[in-house]
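Okay, so here's the structure we're looking at.
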Amino acid sequence: SSFTPFALISALEAGSSIDTVWDGRSPQTFDDNGKPYEVANYGKKSFDNLTLLEATEKSVNTIYVPLGIAVGPAKVIDAARRAGIPDEVEMVPTPSVVLGVASPHVLDVANSYATFAAQGVYAKPFIVLEVVNRNGGLLYKANPQGQEVFSKEVMADLNYALESVVKFGSGTAAKKLGRPAAGKTGTSQENSSAWWNGYTPQIAASVAFYRDDATESLRGIGGMRTLTGGSFPARIWTEFMKGALEGEPVEKFADP
């Protein structure tokens with residue numbers, strides 16, 4: 001899910017490590033305020049014990065849900081808010097919040113990942129950069145204000161984990177960008193939406209696929225039986241970023 005990084009941030013802030021080991025078997029049943037909540041991994045894949053780093057690479061739901069429960073769903077929501085998911089996007093503090101049951105705008109998610117790229121500095125998104133009159137006089141210029149919402153140390157570990165998604169995990173299509181990149185796939189269980197949210201140290205962008213009606217499936221698009229975030233979304237992102245970063249220096253993320 002596109003929201004699992006918020007759970008990872010909460011765990012890192014609580015002193016956990018990306019090397020801690022969790023049970024990746026699928027399905028598993030968890031407690032949701034006294035009700036059983038069954039969780040399965042995408043494609044019904046089951047794993048043995050995995051580190052949080054490996055669980056991030058492979059997008060393992062049955063590890064991230066209990067991680068969210070352990071740190072507290074309210075903490076996951078707090079991390080999402082600080083990153084850039086606005087208050088207008090309803091998020092309920094239940095175990096499922098880690099899997100992205102909220103409905104943010106694509107811009108909101110892209111801006112959250114831009115906070116990761118900026119090593120924990122959040123800036124409110126804006127659309128108009130400047131306004132000039134017919135004589136070239138400047139009438140208005142945007143003045144974005146940055147605010148540090150996460151420590152550089154936490155972001156270094158998060159970015160390392162999300163860079164591993166591109167190198168070894170569900171986002172390997174983005175390796176064709178040919179420079180350091182990080183990101184996270186998001187694919188709904190019913191295949192009604194598919195996301196790729198990625199970034200380099202300079203720029204973040206999100207690509208989302210969904211139909212007009214959220215109940216409609218994406219199956220069959222482009223001849224694909226199932227459409228995942230690592231397929232068309234990641235490929236489109238990669239082509240866009242090649243143009244957006246043309247002529248820009250190749251930058252690396254900070255060491256974990």
Item checked: Segments classed as strands (runs of 3 or more DSSP E), wholly inside the range 124-221, with at least 2 members that are loosely packed, with under 14 Cβ neighbours inside 10 Å -> 130-132, 138-141, 146-148
Margin query: I'm told Phe116 meets every condition in (1) outside any helix (DSSP H, G or I); (2) aromatic (Phe, Trp, Tyr); (3) open to solvent by less than 20 Å² (accessible area, probe 1.4 Å) except one. Can you identify the failing condition by its number?
Written below: (1)
Item checked: Number of the condition not met by Glu239 [criteria: (1) assigned to a helix (DSSP H, G or I); (2) open to solvent by less than 90 Å² (accessible area, probe 1.4 Å); (3) acidic (Asp, Glu)] -> (2)
Notebook entry, point to check: Among the residues of the range 14-40, which ones are in contact with a helix residue (DSSP H, G or I) (Cβ under 6 Å, 6 or more places away or on another chain) and either over 18 Å from Val154 (Cα atoms) or in a helix (DSSP H, G or I) (or both)?
Noted result: Trp22, Gly24, Ser26, Gln28, Phe30, Asp32, Tyr37, Val39
Margin query: Need the failing condition index for Gly230 against (1) in a loop (DSSP other than H, G, I, E, B); (2) farther than 26 Å from Leu52 by Cα; (3) in contact (Cβ under 8 Å) with a residue 24 or more places away in the chain; (4) open to solvent by 10 Å² or more (accessible area, probe 1.4 Å), just the number.
Written below: (2)
Note to self: Filter the range 202-224 down to the residues that are closer than 30 Å to Pro180 by Cα and of a type in the set (Lys, Arg) and list them by number.
What the structure shows: none
Notebook entry, point to check: Give me the pairs: first residue in the range 242-255 and under 25 Å from Ser151 (Cα atoms), second residue among the charged types (D, E, K, R), beta-carbon distance under 8 Å, and six or more apart or on different chains, which are they?
Noted result: Val250/Arg179; Glu251/Arg179; Phe253/Glu163; Ala254/Lys152
Check: Residues Val97, Val65, Val76: which one is open to solvent by less than 40 Å² (accessible area, probe 1.4 Å), at pLDDT below 95, closer than 28 Å to Lys167 by Cβ and assigned to a helix (DSSP H, G or I)?
Finding: Val97
Note to self: Give all pairs with beta carbons closer than 6 Å in which a residue from the range 33-47 that is within 19 Å of Val101 (Cβ to Cβ) meets a residue that is open to solvent by 70 Å² or more (accessible area, probe 1.4 Å); count only pairs at least 6 apart in sequence or on separate chains.
What the structure shows: Pro36/Thr29; Glu38/Pro27; Glu38/Thr29; Ala40/Pro27
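The values are calculated or read from the model by the stated rules, or taken from the named source; none is laboratory data. Here the structure is a predicted model, which means the values were calculated and not measured. Please note: Cβ atoms are built from the backbone with ideal geometry, for glycine as well, and neighbour counts cover all protein chains shown. Ligands, DNA and RNA are stripped out before the accessible areas are found, and what is left, the full protein with its side chains, is counted by its heavy atoms. Shrake-Rupley method; radii C 1.70, N 1.55, O 1.52, S 1.80 Å.
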